[in-house]
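The values are calculated or read from the model by the stated rules, or taken from the named source; none is laboratory data. Because the structure is a prediction, the values reported are computed rather than measured. All Cβ positions, even for glycine, are placed from backbone atoms using ideal geometry, and neighbour counts span all protein chains on display.
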Ligand SMILES: NC(=O)c1ccc[n+]([C@@H]2O[C@H](COP(=O)([O-])OP(=O)(O)OC[C@H]3O[C@@H](n4cnc5c(N)ncnc54)[C@H](O)[C@@H]3O)[C@@H](O)[C@H]2O)c1
């Protein structure tokens, strides 16, 4: 493909694009005509880029490492000629309360779930400014609003992501739009790994189903479609906001049950 043809296409970066929600976002964005760059620390994600084909690129990258992020983003700009959309999706889940959390574990969760989004935005925004436009989508969680027990660092990082979202929207609008998506329980490798820690994974899975008003767990595509919409020209009046895609999780209170 010539450089002219490449520049006619928009480019999206998806962190943690090798699995789960990130992979679904890669698929919806690619379907919608984006050149897609997958940043993931898992080498197996190369096969995802191969599956997407010519307009896709995989770069092995730990997105909590500034040097790796800055080099990866420069390589993407060199290959595709522009960066139009950044999806800060990479994340990890750890289970602990404040008193149980070691300083190392706290730093790990903050670095992977929050610092990574700051680093990617920091290094991508100058390229977006050069082009005069861009969209940043931060994958937060319903845990920015409601919390499970034993997820102190995770729920803290996901809540802070909303502040980062607002700051980017305020500091770089109107050229750059920045939104957060807040998924409920989504059926991904992260969820399967989490419930496998329980003595009865099937019971926990059913509990997850039951706590959503729509009586199901979300699919990665439920979130991928929202991300594709927010990245598109259909969403040009969205910025600074957190958008929940959660099947109604946590909005029902008790106390008025009909017999
Ligand atoms: N699954 C859910 O129920 C759910 C709910 C709300 C929010 N989220 C959030 O959605 C995002 C994606 O979650 P998922 O369930 O798809 O997770 P997942 O574990 O299934 O996939 C995450 C991907 O991120 C990559 N990754 C992790 N750390 C990385 C790092 N330091 N550098 C680069 N890549 C890294 C992994 O290799 C993997 O490919 C996360 O931020 C998560 O917190 C998930």
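Worth a mention:
- Taking helices (runs of 4 or more DSSP H) as the structural unit, those lying wholly within segment 168-259 and holding at least 3 residues that are in contact with a helix residue (DSSP H, G or I) (Cβ under 9 Å, 6 or more places away or on another chain), in the same structural domain as residue 20 (by TED's automatic domain parsing) and within 11 Å of the ligand (Cβ to nearest atom) correspond to 220-231.
- Checking every residue in segment 21-33 against the condition of being more than 30 Å from residue 198 (Cα to Cα), surrounded by fewer than 17 Cβ atoms within 10 Å (Cβ to Cβ), in the same structural domain as residue 176 (by TED's automatic domain parsing) and in contact (Cβ under 8 Å) with a residue 60 or more places away in the chain gives at least one match.
- Hits in segment 26-54 - residues which are more than 21 Å from residue 115 (Cα to Cα) and touching a helix residue (DSSP H, G or I) at 6+ places or on another chain (Cβ under 7 Å): 26, 27, 28, 29, 30, 32, 35, 36, 48, 52
- Flag for residue 143 being free of Cβ contacts under 8 Å to residues at least 60 places away in the same chain, touching a strand residue (DSSP E or B) at 6+ places or on another chain (Cβ under 9 Å) and either part of a helix (DSSP H, G or I) or closer than 19 Å to residue 125 by Cα (or both): yes
- All of 110, 128, 161 fail the test of being farther than 21 Å from residue 18 by Cβ, in a helix (DSSP H, G or I) and in contact with a strand residue (DSSP E or B) (Cβ under 6 Å, 6 or more places away or on another chain), apart from 128.
- Among residues of segment 31-42, those that are over 16 Å from the mean Cα position of the chain (by Cα) and either within 12 Å of residue 11 (Cβ to Cβ) or at pLDDT below 95 (or both), counted: 3
- Meeting the requirement of 3 or more residues that are touching a strand residue (DSSP E or B) at 6+ places or on another chain (Cβ under 9 Å), the helices (runs of 4 or more DSSP H) wholly within segment 1-100 are 20-31, 46-52, 66-80.
- Across segment 113-140, the number of residues qualifying as without any contact (Cβ under 8 Å) to a residue 24 or more places away in the chain and within 17 Å of residue 92 (Cα to Cα) comes to 0.
- Of all the numbered requirements in (1) buried (at least 18 other Cβ atoms within 10 Å of the Cβ); (2) away from the ligand (no atom under 13 Å from the Cβ); (3) within 29 Å of residue 247 (Cα to Cα), residue 97 misses one, and that requirement is (1).
- Inclusion of residue 173 among residues that are surrounded by fewer than 22 Cβ atoms within 10 Å (Cβ to Cβ) and in contact (Cβ under 8 Å) with a residue 60 or more places away in the chain is warranted.
- Within this structure, residue 137 fails the test of being assigned to a loop (DSSP other than H, G, I, E, B), under 21 Å from residue 229 (Cα atoms) and in contact with a helix residue (DSSP H, G or I) (Cβ under 8 Å, 6 or more places away or on another chain).
- The condition (being in the same structural domain as residue 10 (by TED's automatic domain parsing) and farther than 27 Å from residue 251 by Cβ) is satisfied by just one residue among 99, 165: 99.
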